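Down below is the structure, laid out as structure tokens.
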Amino acid sequence: MQNAHLQKIKSDIEILVKLAKKLGITTKKLTKKEAEDFALGLAMEAEKTNEFVNTKGFKKKLRK
């Protein structure tokens, strides 16, 4: 079941890449590390509070 789902995702990606090519948009297959970095960036952006943290207090709490 999971294999069929992954095959469907790969098929969808291939269709999107072909469409992008027809529209003149360049694409790039991400490496595993690039995908992880991208996902981390999205998570960080979603949790961004624009608040500053007291570095000394933060380090002190980590050491406990």
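Data table
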item	result
Check: the chain dipole with +1 on Lys, Arg Cβ and -1 on Asp, Glu Cβ, in debye	400 debye
21 Å Cα cut-off, lysine pairs counted over region 2-50 (separation 8 or more, or different chains)	15
Positive-end extreme of charge dipole, the chain - chosen from Thr27, Ala46, Gln2 (charges on Cβ)	Ala46
Nearest-ten-degree value, helix 32-46 long axis tilted from longest Cα axis of the chain	60 degrees
Angstrom value of the Kirkwood radius, inverse mean 1/r, which spans all Cα pairs in the chain	15.9 Å
Loop GluC sites (Glu not before Pro), the chain (other Cβ atoms within 10 Å of the site Cβ: 10 or fewer; DSSP)	Glu47, Glu51
Label zone at Leu42, where the point sits 7 Å out along the Cα-to-Cβ direction: region 1-36 residues whose backbone N lies under 11 Å	35-36
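Just so you know, all these numbers are worked out from the coordinates, no wet-lab data involved. What you are looking at is a predicted structure, and each value in this text was computed from that prediction instead of being measured. FYI the Cβ positions are ideal-geometry reconstructions off the backbone, even for glycines, and counts take in every protein chain you see.
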